[in-house]
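Each value in this text was obtained by applying a stated rule to the coordinates, not by laboratory testing. Because the structure is predicted, anything quoted here is derived from the model rather than measured. Virtual Cβ from ideal backbone geometry, glycine too; neighbours counted across all protein chains shown.
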Amino acid sequence: WANRGESEKSLERLAAAEALHKSLRSGSGATELREGGEQLEDLHTLTCFYLAQAHGNLGARDRSAAYCHTTMMRQLARRGGTAKGEHTFQASEWAKNAQQIA
């Protein structure tokens, strides 16, 4: 939805994904995370990234900045992990993004 200029609808879907992640991380859902947990966390990092974009598109700069921070901290925490593809930690890319945000 975000690529179609429908940031509000995008934000609704992303907020639902964030709530689902939170419910899986707490209580009985945490047991289910043992297998596939890293992949789920990588996907949640992408959700945070898209939430930053959606909030930015809607003019909520503080919320956007908070999600940018969360995204970058999650990426930094996963460095050296087993992630592949778009989830692979690239130090030079991370540093460039941090510099652009500052």
- Query: Measuring from a point 7 Å past the Cα of A19 along Cα-to-C-beta, which residues in the stretch 57-71 have an amide N at less than 11 Å?
  - Reply: none
- Task: For a label point 7 Å from the Cα of R74 along Cα→C-beta, name the residues of the stretch 52-66 whose backbone N is under 15 Å from it.
- Result: 52-55, 64-66
